[in-house]
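Just so it is clear, none of the values below were taken in a lab; they were calculated from the coordinates. Nothing here was measured: the structure is a model prediction, and the numbers come from that model. With ideal geometry, Cβ positions are generated from the backbone for all residues, glycine too; neighbour counts draw on all protein chains shown.
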Amino acid sequence: MTAVAVMASIAGCISISPKMRHQQHPPRNLQVLAVSDRVEPRIYGPGIRSVAGDAELIVGCGDLPYYYLDYIVSTLNRPFYYVHGNHDRPEYRSNRSVVREPQGGVNLHRRLCRHRGLLIAGLEGSHRYNANEHYQYTQMEMWSHVLAMAPTLFINRLLYGRYLDILVTHSPPFGIHDGTDRPHIGFRAFLALMRWFKPRYLLHGHQHVYNNLTTTQTRYHQTRIINVYPYKILQLDFGPTPPRF
Ligand SMILES: [Zn+2]
């Protein structure tokens, strides 16, 4: 077993087989439906296929009811990756069942996943603003989440030549698309993650957008940061050079 394979097994990763090697690169272009924070009638209805029927991947950035996410995933029948937002709670259905996670998806919090060669990771929640235990973190706690992911990110670099393609978060980074009140202050650890691990995209929600003049896309070092509220159809570019922005 090579040193890289040993490190991969220690971190809970799977060493790549020859068959997987030619899947190391993500598709050059990927159409993504990304949603957050508000149920959008154009998505939650019969028009979803005309709006998002060509999406190859669904990304949830949090603060959405699970019935809405279930509708999107079951209608489009595409892979689904998500993080929780600070307002996410268990849903109590009429048949007395309790739904704690949206169906048919992968919770990305503190996880790194590979999808068709795409390296995707996530960090849930918002800045802590009250005593509720769910999906709120201090700046220090979010630093610990980022550092916990670092070994696997380094392994990605060894195995695939890059650390990460997409980071999915609920909160924006500190100073970019964020607010000044405690619930909406962004995370400083995201800035370091982008400088160190160079994801091509960071997709987030949490910060509601009420007019067209609000900045929703920002470049930070090699990362394009996109506020997806309430939904966006994104043409992500994973070509050898970052797209001009
Ligand atoms: Zn939120």
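Worth a mention:
- Rounded to 10°, Cα long-axis angle of helix 66-76 versus longest principal axis of the chain: 60 degrees
- One chain, two ends: residue 180 and residue 195. Fully extended at 0.36 nm per residue, the span grows by 3.1 nm beyond their Cα-Cα distance.
- Sparsely packed trypsin sites (Lys or Arg not before Pro) within the stretch 151-245, loop by DSSP, other Cβ within 10 Å at most 15: 244
- Candidates 103, 66, 233 compared by Cα position along the dipole of the stretch 24-237: farthest toward the positive end lies 233, with charges placed on Cβ.
- Cβ-based net charge around residue 154, under 13 Å, with every Lys or Arg adding one and every Asp or Glu removing one: +3
- For the chain, a Gaussian network of Cα nodes joined below 10 Å ranks 117, 62, 47 by mean-square fluctuation, and the top entry is 47.
- Helix 139-160 and the longest principal axis of the C-alpha atoms of the chain enclose an angle of approximately 40°.
- Whole-Å distance, taken between Cα centres, linking the stretch 148-219 and the stretch 68-96: 22 Å
- Among 173, 199, 90, the largest mean-square fluctuation in a Gaussian network model of the chain, built with springs joining Cα atoms closer than 10 Å, belongs to 90.
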